[in-house]
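K.L.:
Let me begin by handing over the structure; questions about it come next.
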Amino acid sequence: MKKVLMINQSWCKGCGICAAFCPKGALEIVDDKVQRKEGTECILCGQCELRCPDYAIYIDENEGDTDQWAKSY
Amino acid sequence: MSRQEIRLAGSGGQGIILATVILAEAAIQAGMNTAQSQAYGPEARGGSCKAETLISDQTIGFTKVQNPTFLMALTQKSLDQYGPEVSENCLVLIDSGLSAPQDMKAKRIVALPILDTARTVVGKIQTANIVAVGCINDLLGITDAKTLEKAVLMHVPSGTEQLNIKALEEGFKLAEGHEEK
Amino acid sequence: MTVDTGDVSVKTKNMSNLIYKYMRPEHLPQIWCPGCGNGIIMRDIAQAIENLGLSRNSTVIVSGIGCSARAAGYMDFNTIHTTHGRAIAFATGIKLANPSLEVIVVTGDGDISAIGGNHLIHAARRNIGLTVVVMNNNIYGMTGGQYSPTTPTGAFGTTAPYGNLDRSFDIAGLAYGAGASYAARGSAYHVQQTTTLIQEGIKHRGFSIIDVASICPTYYGRKNKKGSAVDMLKWQRDNSVTVDQAAKMSQEELKGKLVIGLLHQVNYPEFTYAYDQLIRRLFEEREENE
Amino acid sequence: MGKVVLMQGNEACVEGALVAGMRLFAGYPITPSTEIAEISAVRLPQEGGKFIQMEDEIASMACAIGGSVAGVKSMTATSGPGFSLKQENLGYAALAEIPLVVVDVQRMGPSTGMPTSPSQGDMMMARWGTHGDHPVIALCPSSVKETYDLIIRAFNLSERYRTPVLFMMDEIIGHLREGMELPELEEVEVIDRKTVKYPEPKRLPYHIKKGKLVPEMAPFGMGQRYNMTGLIHDESGFPTNSNEEAEKLIDRLMHKVSDNYADIVKCEQVGMDDADVAIFCYGGTMRAASSAMDEARKAGIKCGIFRPITIWPFPEKELLEAAKHVKRIIVAEHNYGQMVLEVERVVKDACRIDFLGRYNGTVITPDDLLAKIREEK
């Protein structure tokens, strides 16, 4: 099953840790919330998930109901 | 047996408390009521020590000895301290090595070589309290020898039974031919 | 997809399987400040439990008072949030009453080494089978930034306005000196290493402590010009040395470094096990006598 | 009739507790309660229970709470200074509704005071010692036999009301040895913990089932995962800042005890049918009072005794009724005047109240009481 990066913006406090430690620079904080940065590549390494203090970003398995490779709530 | 208010005094480590516990146990075994308590200083050894047993065939209210009917002192210090407090009718048992203070009102004094008997006859000074228990039972007639022996065995450390029974018997012997001064 | 939670099976929505399985989502996000290291360490604990396959029903989380103490409320186990400094003493009673429980104490530097210091050293000495995870952020966060026993000399806090005069405690070293049979140090940055250290600490039979360097950007960071949460984590990344590396370094070289890894482990009979042996012995003696 | 044995008050406390189901004791040495720890250390492992000597009094209290949370009937014992140290966690146990028994063999204070000297100086600390409003059940034995029976009752009350029960002994009874008749064990009522039968994950840990007094408890490890806290919490066991929930919780805690006054409060009245003068006393002081009463009656003075066995909640209904039928109440206690404040609060001007306090390390004697009884004003 395909893996997918998930973002739960309602839990995000915008600390920026995930973005800072993303090896591909694929995340950014906009208005105190994390989001995917356009034109970058996510390699689904999970470094963001490991260090997010608020469990707002994580790698999940694609539920099959979407083509999106990143999903935000 | 009428109400007895027994006070034993000595120095910490002489087994004064255990002696009153055994007397209390003897009273229970003999079907009487009893109340045993003690007061001691912070020292575990060498400090002054006072322990009491009330024995009565009636229910016991107040649990402390107020007017001792019997006092035993094993050290001069404790005799000097508690001797003058007791009334004329109190029976006082002292170790032979001690001398009664001048201001002691009690008339009935029995001096027996309790410490010496423990040391030389029984062979262990630590048994002086059990020698004393034998003497006291004989003087006061709390219970029979068999019951007292049972009470002793209920409270002495295991391994010391024989030694303590010997001490008790020596106590009986000591008191047999006693004389009140 | 579904997650086996032990009692219910529900489609996950907006959290990872790990969080769904071991946390109480209805109480998330936590009250901790943005960038607080405690959330990272709490996840490490959950991951360690997942790796070990512990049953949630037979795992107990005990906490004291302070920021760290809120962890108990978020984690989906038998949880008890106790009084300040006393988490280990409560945990001792729980472990003694039911040694089959896995008892994990989640605490902070003030909680464990100031008001609770006595319980720490004696539980370590007793070698009772608790696992203590310290969220060590070098400051009292919940009361607003006072210096703690692990605040470095010279650092600032609201009660150290001219710089801290005290020397700071090495909590893992303290516990080790007191007889802890497992002592380790991790950091908020070193997620995988710390998770492994916690995991091994839980597995260890006896008293284990994992002193984890947390970060407090709100108070410690701001008061001491340490920058953002990101800066503080980067500091951990750039200034940590492993136990093996540290062994080859001089005292001078080690100054200002964070030594992480397993500091000490020894096998010694665990207290509740020893007590159960005692009970068995007494029962056997009685049977022989009868 | 059971066997009569010679037993010390402190020993009876442990033996009774074992009958009541105590299987964990956490303590710290302090005279005059130390024998309770020593005897527990010998007896508990023999019964499959656990004894632990903690590093201090605070830890002992916390450890006993932990034991109870894990489903084992637990006890701790101490004397004055240690009772002071236990107060914070006592409040925790009251708020989180943890059944356990805390024994205080009182000694003379304040501070280190006069070790081993008798006192009843912790009576108000028992009521008000921990911060915040909380329910209190405290019992006072006045003989070795009563210590044995009453400690069983203390455990039963703690289970029935899910609350810590204070067992307020004093040195007089703690160190007294006297004969007591052992009960037939099958005749002893022992209340076991009401635990959840089927742990349901969604069950609210502090929800009270219809017709029940208190929430059923789920010992840690039995399958219901929930949160316990010393913060004000709602039925879910999680902290709340709701003022309504706070009031609801405190009301419920207070009412579970006050609404069951008749079940909890016990007192003894001796010779009160025709008494003109009553001695109000509790614990070891009762022994001097009973001797004084006998003497007074011999001298033609109609003397009676009113003795609370449950000291908190205070037996105010019975006392007020008794006060209406006597001319005087003499309050005798080994402190500077503690329970006399309660007597004054309850009796008001229903009769004259005299006070006999003792706070120098000696005990009130029957003669002291007789002198007070004969005092003319």
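K.L.:
When D:Leu166 is evaluated against the numbered criteria (1) at pLDDT 95 or above; (2) within 19 Å of D:Leu6 (Cα to Cα), which criterion, by number, is the only one it fails?
P.N.:
So D:Leu166 meets the others, but not (2).
K.L.:
Right, here's the next one. Checking the structure you have, find out if any residue of the range C:183-191 is outside any helix (DSSP H, G or I), within 14 Å of another protein chain (Cβ to nearest Cβ) and among the hydrophobic types (A, V, I, L, M, F, W, C).
P.N.:
Within the range C:183-191, one or more residues are outside any helix (DSSP H, G or I), within 14 Å of another protein chain (Cβ to nearest Cβ) and among the hydrophobic types (A, V, I, L, M, F, W, C).
K.L.:
Next up: Looking only at residues in the range B:83-111 that are open to solvent by 10 Å² or more (accessible area, probe 1.4 Å) and in a strand (DSSP E or B), which one is farthest from B:Lys166 (Cα to Cα)?
P.N.:
Checking each candidate, the answer is B:Arg108.
K.L.:
Quick one: D:Asp294 ticks every box in (1) in contact with an Asp or Glu (Cβ under 9 Å, 6 or more places away or on another chain); (2) under 21 Å from D:Ile173 (Cα atoms) bar one, so which box is it?
P.N.:
Failed condition: (1).
K.L.:
Criterion first (open to solvent by 30 Å² or more (accessible area, probe 1.4 Å), in contact with a Leu (Cβ under 6 Å, 6 or more places away or on another chain) and touching a residue at least 12 places away in the same chain (Cβ under 8 Å)) does D:Lys324 satisfy it?
P.N.:
Against the criterion (open to solvent by 30 Å² or more (accessible area, probe 1.4 Å), in contact with a Leu (Cβ under 6 Å, 6 or more places away or on another chain) and touching a residue at least 12 places away in the same chain (Cβ under 8 Å)), D:Lys324 does not qualify.
K.L.:
For the range A:1-42, give me each residue that is more than 10 Å from chain C (Cβ to nearest Cβ), in a loop (DSSP other than H, G, I, E, B) and closer than 17 Å to C:Cys33 by Cα.
P.N.:
A:Asp31
K.L.:
C:Ala274 is checked against (1) hydrophobic (A, V, I, L, M, F, W, C); (2) open to solvent by less than 30 Å² (accessible area, probe 1.4 Å); (3) over 19 Å from C:Val105 (Cα atoms); (4) away from chain A (no Cβ under 14 Å) and fails just one. What number does that condition carry?
P.N.:
That leaves (2) as the condition not met.
K.L.:
For the range D:176-196, which positions are open to solvent by 90 Å² or more (accessible area, probe 1.4 Å) and in contact (Cβ under 8 Å) with a residue 12 or more places away in the chain?
P.N.:
Passing the criteria: D:Leu185, D:Glu189, D:Asp192, D:Lys194.
K.L.:
May I pose another question? Please specify each residue of the range D:150-180 satisfying the condition of being away from every other protein chain (no Cβ under 14 Å) and in a helix (DSSP H, G or I).
P.N.:
D:Leu150, D:Ile151, D:Ile152, D:Arg153, D:Ala154, D:Phe155, D:Asn156, D:Leu157, D:Ser158, D:Glu159, D:Arg160, D:Tyr161 - these are the residues of the range D:150-180 that are away from every other protein chain (no Cβ under 14 Å) and in a helix (DSSP H, G or I).
K.L.:
For residues that are at the interface with another protein chain (Cβ under 8 Å from one of its Cβ atoms) and open to solvent by 10 Å² or more (accessible area, probe 1.4 Å), tally how many sit in the range D:41-52.
P.N.:
So the count comes out to 3.
K.L.:
Just one of (1) under 26 Å from D:Met125 (Cα atoms); (2) touching a residue at least 40 places away in the same chain (Cβ under 8 Å); (3) open to solvent by less than 20 Å² (accessible area, probe 1.4 Å) trips up D:Val346, so point out which.
P.N.:
(2)
K.L.:
Related question: Among the candidates D:Glu38, D:Glu55, D:Glu88, D:Glu11, single out the residue that is outside any loop (DSSP other than H, G, I, E, B), within 14 Å of chain C (Cβ to nearest Cβ), at pLDDT 95 or above and surrounded by fewer than 23 Cβ atoms within 10 Å (Cβ to Cβ).
P.N.:
Exactly one of D:Glu38, D:Glu55, D:Glu88, D:Glu11 is outside any loop (DSSP other than H, G, I, E, B), within 14 Å of chain C (Cβ to nearest Cβ), at pLDDT 95 or above and surrounded by fewer than 23 Cβ atoms within 10 Å (Cβ to Cβ), namely D:Glu88.
K.L.:
Here is a follow-up. Within the group D:Gln106, D:Gln120, which residue is in contact with a strand residue (DSSP E or B) (Cβ under 6 Å, 6 or more places away or on another chain), in a strand (DSSP E or B) and under 24 Å from D:Met180 (Cα atoms)?
P.N.:
Result: D:Gln106 is the single residue among D:Gln106, D:Gln120 that is in contact with a strand residue (DSSP E or B) (Cβ under 6 Å, 6 or more places away or on another chain), in a strand (DSSP E or B) and under 24 Å from D:Met180 (Cα atoms).
K.L.:
Out of the residues in the range C:171-207 meeting the condition of being in contact with a helix residue (DSSP H, G or I) (Cβ under 8 Å, 6 or more places away or on another chain) and charged (D, E, K, R), tell me which one is farthest from C:Val230 (Cα to Cα).
P.N.:
Among those residues, the one meeting the criterion is C:Arg205.
K.L.:
Oh, and also: I'd like to verify a number: residues in the range D:218-249 that are within 12 Å of chain C (Cβ to nearest Cβ), open to solvent by less than 30 Å² (accessible area, probe 1.4 Å) and not in a loop (DSSP other than H, G, I, E, B), how many?
P.N.:
4
K.L.:
Just checking, how many residues over the range D:58-68 are open to solvent by less than 10 Å² (accessible area, probe 1.4 Å) and within 7 Å of chain C (Cβ to nearest Cβ)?
P.N.:
Total meeting the criteria: 7.
K.L.:
Under 9 Å between Cβ atoms, at least 6 apart or on separate chains: pull out the pairs that start in the range C:273-290 with a residue that is among the aromatic types (Phe, Trp, Tyr) and end on any residue that is open to solvent by 80 Å² or more (accessible area, probe 1.4 Å).
P.N.:
Close Cβ pairs (under 9 Å, with a partner that is open to solvent by 80 Å² or more (accessible area, probe 1.4 Å)) amount to C:Tyr273/C:Arg205.
K.L.:
Kindly establish whether C:Gly227 is open to solvent by less than 30 Å² (accessible area, probe 1.4 Å) and outside any strand (DSSP E or B).
P.N.:
no
K.L.:
Let me ask something additional. Could you grab me the full set of residues in the range D:58-85 that are β-branched (Val, Ile, Thr) and assigned to a helix (DSSP H, G or I)?
P.N.:
Filtering the range D:58-85 for residues β-branched (Val, Ile, Thr) gives D:58, D:65, D:69, D:72, D:76, D:78.
Across the range D:58-85, the qualifying residues are D:Ile58, D:Ile65, D:Val69.
K.L.:
Among (1) more than 17 Å from C:Asp111 (Cα to Cα); (2) part of a loop (DSSP other than H, G, I, E, B); (3) open to solvent by 10 Å² or more (accessible area, probe 1.4 Å), where does C:Asn164 come up short?
P.N.:
(3)
K.L.:
Applying the selection to the range D:99-120, what residues are crowded, with 23+ Cβ neighbours inside 10 Å and either closer than 21 Å to D:Gly67 by Cβ or away from every other protein chain (no Cβ under 13 Å) (or both)?
P.N.:
Of everything in the range D:99-120, those that are crowded, with 23+ Cβ neighbours inside 10 Å and either closer than 21 Å to D:Gly67 by Cβ or away from every other protein chain (no Cβ under 13 Å) (or both) turn out to be D:Pro99, D:Leu100, D:Val101, D:Val102, D:Val103, D:Asp104, D:Val105, D:Gln106, D:Ser119, D:Gln120.
K.L.:
Inspect the range B:56-66 for any residue being out of contact with any Asp or Glu (no Cβ under 7 Å at 6 or more places or on another chain), within 14 Å of chain D (Cβ to nearest Cβ), open to solvent by less than 10 Å² (accessible area, probe 1.4 Å) and assigned to a strand (DSSP E or B) and give the result as yes or no.
P.N.:
Yes, there is a match, as at least one residue in the range B:56-66 is out of contact with any Asp or Glu (no Cβ under 7 Å at 6 or more places or on another chain), within 14 Å of chain D (Cβ to nearest Cβ), open to solvent by less than 10 Å² (accessible area, probe 1.4 Å) and assigned to a strand (DSSP E or B).
K.L.:
Let me ask something else about it. For the range C:16-31, how many residues are open to solvent by less than 10 Å² (accessible area, probe 1.4 Å) and within 19 Å of C:Gly186 (Cβ to Cβ)?
P.N.:
Total satisfying the criteria: 1.
K.L.:
Of all residues in the range A:8-32, count the ones that are surrounded by 16 or more Cβ atoms within 10 Å (Cβ to Cβ) and in contact with a Cys (Cβ under 9 Å, 6 or more places away or on another chain).
P.N.:
From the range A:8-32, those surrounded by 16 or more Cβ atoms within 10 Å (Cβ to Cβ) are A:8-9, A:11-22, A:26-29; that's our starting set.
Imposing the further condition that a residue be in contact with a Cys (Cβ under 9 Å, 6 or more places away or on another chain) reduces the set to A:11-13, A:15, A:17-19, A:21-22, A:26-27, A:29.
Residues meeting the conditions: 12.
The values are calculated or read from the model by the stated rules, or taken from the named source; none is laboratory data. Only a predicted model underlies this, so the values are computations on that prediction, with no experimental measurement involved. Please note: Cβ atoms are built from the backbone with ideal geometry, for glycine as well, and neighbour counts cover all protein chains shown. With ligands, DNA and RNA removed, areas are computed over all heavy atoms of the protein, side chains included. Shrake-Rupley method; radii C 1.70, N 1.55, O 1.52, S 1.80 Å.
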